[in-house]
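Engineer: My questions will all concern the structure given below.
The values are calculated or read from the model by the stated rules, or taken from the named source; none is laboratory data. Bear in mind the structure is a predicted one, so any value in this text is a computation, not a measurement. We place every Cβ from the backbone using ideal geometry, glycine too, and count neighbours over all the protein chains shown. These area figures cover heavy atoms from the full protein model, side chains too; ligands, DNA and RNA do not enter into them. Shrake-Rupley method; radii C 1.70, N 1.55, O 1.52, S 1.80 Å.
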Amino acid sequence: MKDKLLSLSTEVRNQASMNLPHMTVAEATALMNREDENCADAVKEVLPVVNQVIEEVKEKIQNGGRLIFIGAAHSGFLGSLDAMETAATYTFGTGIELIPIVAGDPGDIMKTDGSAEDSEENGPIDLQKHNVNTKDFVIGLSASGRTPYVIGALKWCKENGIRCAGLVNNKGAALAPYCDYLMDPTPGPEVVSGSTRLKAGTCQKMVLNIITTVVMAQLGHVYQNLMINVPPVSDKMRTRLAYIMTQATDCTMERARELLAECDYSIKPALIMQVKGVSKEEALAELEKVGNINKII
């Protein structure tokens, strides 16, 4: 069977960049900027599917499940980046709810085994190493949509009743039959043919940012548009928490520090105390009962 790799939109040569090495710096940067404008439109087209994924991921996490990213090479690294940044206490403080898996076990991403993505068998093996089960949701990342490692992982999910989605950058992706949802923003040929760290990667990063940010906001890790899981590990972080209190409630810095100190610098009960005028004990009781601060204030 003839390999159709070069027919993929991520592999087709971009006529606008054929003369890239001979362009001036200004011409080249302007070209890349124009090409990147296609990314937002491509992502916009798949938002209805992204919305469905967000709803299901939220439900899974609410019921004790996790969001698993699995991919190879650049796509896999993007999943790792988003998972690590989202789970970091400086962002949403989500702990172990997001798990990144990259083909080749990259302890050092500069030395990752590139051939690992060719193994359809290793995708399921790596998922099983992380005890992935029906409580979890898996997103397979592959710019081409045909990476054997990711296809194997998604096949295993379907066979075992684990809900999953694919995030790809070509229409008619080979992994489509194995996904419950297919997110396929397609921004067209890259400025450098086949270099999917460019527009394809930008689209994937945009979609991942949307999924994790909206899920975390829905779960109560954001109040208004403010991060509220900042850890009070230093004077800088405690000051940041006080500033967040003043932004959220218009209270003074003195009042913010007073409430935060009373709550051992846990900002959620402090916010409830300020907004609702209740005691620390009442605020904690409401949080224990409801969980999501956005359903309280």
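Engineer: For residue 60, go through the lysines and keep the ones whose alpha-carbon is under 27 Å away, minus same-chain ones fewer than eight residues off.
Structural biologist: Within the straight-line limit of under 27 Å, residue 60 reaches these lysines: 44, 129, 135, 155, 158, 205, 268, 289, 295.
Engineer: Taking the Cα atoms only, what angle lies between the long axis of helix 25-45 and the longest principal axis of the chain, rounded to 10 degrees?
Structural biologist: Tilt relative to the chain: about 70 degrees.
Engineer: Next question. Taking the mean number of other Cβ atoms within 10 Å as a proxy for protection, how do you rank 169-175, 134-140 from highest to lowest?
Structural biologist: 134-140, 169-175
Engineer: Figure the gain on full extension for residue 16 and residue 292 (residue separation times 0.36 nm, minus the Cα-Cα span) and round it to one decimal in nm.
Structural biologist: 94.4 nm
Engineer: How much length is gained on full extension from residue 234 to residue 262, taking 0.36 nm per residue of separation minus their Cα-Cα distance? Provide the component values of the computation, followed by the final result.
Structural biologist: Details: separation 28, 0.36 × 28 = 10.08 nm, distance 1.69 nm.
Residue separation times 0.36 nm, minus the Cα-Cα distance, leaves 8.4 nm.
Engineer: While we're looking at this one, here's another question. Using label points projected 7 Å from each Cα along Cα→Cβ, tell me how many nm separate residue 171 and residue 159, to one decimal.
Structural biologist: The two pseudo-label positions are separated by 3.2 nm.
Engineer: Using 0.36 nm per residue, how much length does the chain from residue 41 to residue 282 gain when fully extended, once their Cα-Cα distance is taken away?
Structural biologist: The residue 41-residue 282 span can extend by a further 82.1 nm.
Engineer: Taking a 1.4 Å probe, which of 295, 60 shows the most accessible area, and what order do the others take after it?
Structural biologist: 295, 60
Engineer: What do you get for the angle between helix 253-262 and the principal long axis of the chain? Use alpha-carbon atoms, 0 to 90 degrees, nearest ten.
Structural biologist: Tilt of helix 253-262: around 90 degrees.
Engineer: If you don't mind, there's one more thing I want to ask. With each run of n ≥ 4 DSSP H residues scored as -39500 (n - 2.57), what mean residue ellipticity at 222 nm is computed for the chain after dividing by its residue count and rounding to the nearest 500 deg cm²/dmol?
Structural biologist: Numbers: 10 runs with 138 residues, N = 297.
Helix-only estimate at 222 nm: -15000 deg cm²/dmol.
Engineer: While we're looking at this one, here's another question. Rank 71, 79, 152 by mean-square fluctuation in a GNM of the chain with C-alpha springs under 10 angstrom and give only the top-ranked residue.
Structural biologist: 152
Engineer: Would you work out the Kirkwood radius for the chain? I mean one over the mean of 1/r across all pairs of different Cα atoms, in Å.
Structural biologist: 21.0
Engineer: With viscosity set to 1.306 mPa s and temperature to 10 °C, compute the Stokes-Einstein D of the stretch 171-264, Rh being the Kirkwood radius across alpha carbon pairs; µm²/s, no decimals.
Structural biologist: For the chosen part, D equals 94 µm²/s.
Engineer: Estimate the FRET efficiency between residue 115 and residue 247 by the formula 1/(1 + (r/R0)^6), using the beta-carbon distance for r and 45 Å for R0, to the nearest 0.05.
Structural biologist: 0.35
Engineer: Okay, moving on. Hey, can you find the accessible area per residue of the stretch 241-291 for me, probe 1.4 Å, expressed in square angstrom? Don't jump to the answer; show the numbers that get you there.
Structural biologist: On the way: 2770 Å² over 51 residues.
Accessible surface, normalised per residue, equals 54 Å².
Engineer: How tilted is helix 267-276 with respect to the longest principal axis of the chain? Cα atoms for both, answer in degrees (0 to 90, nearest 10).
Structural biologist: Once rounded, the angle reads 60 degrees.
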